[in-house]
1. Could you check the stretch 60-86 and list, in sequence order, the residues that are more than 12 Å from residue 8 (Cβ to Cβ) and open to solvent by 30 Å² or more (accessible area, probe 1.4 Å)?
2. Of the conditions (1) buried (at least 18 other Cβ atoms within 10 Å of the Cβ); (2) at pLDDT 85 or above; (3) in contact with an Asp or Glu (Cβ under 8 Å, 6 or more places away or on another chain), residue 95 fails just one. Which one is it?
3. Give the residues of the stretch 1-28 that are more than 17 Å from residue 63 (Cβ to Cβ) and loosely packed, with under 12 Cβ neighbours inside 10 Å, sorted by residue number.
Amino acid sequence: MSALQVFSLVIAVLAFMVAIYVGFFSGEKYMMWYFRHIGDGKQYDLKKFRIVHAGCTAAVAVCFLIYGFLKEGYVVVLFVSVLVVIQQILFNKVCK
């Protein structure tokens, strides 16, 4: 197993841990920290934020897991990029 695959698996585990934290334990303080660059994070719905952020983070973790075991590089990078864009669109359209 190469160093890049091990690094990818470590990132996958960390992303799963963040997804679990956001999905079950995070609150308004985490949401305000996440939206600190916007200024007024209170305009977002916490429940919808949790669902969107935890779901997208879990999907990113699955992508890194696939890369760690199968070494399908370009597809995973493309999928992660698309997930980041979809997450931001969902935050702006669904979570408000």
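The values are calculated or read from the model by the stated rules, or taken from the named source; none is laboratory data. The shown structure was predicted, so the numbers you read here are calculated from the model rather than taken from an experiment. So basically every Cβ, Gly included, is an ideal-geometry build from the backbone, and we count neighbours across all protein chains shown. The area values use the complete protein model at the heavy-atom level, side chains included, leaving out ligands, DNA and RNA. Shrake-Rupley method; radii C 1.70, N 1.55, O 1.52, S 1.80 Å.
1. Scanning the stretch 60-86 gives 74, 75, 78, 79, 81, 82, 84, 85, 86.
2. Exception for residue 95: condition (2).
3. The answer is 1, 2, 3, 24, 25, 27.
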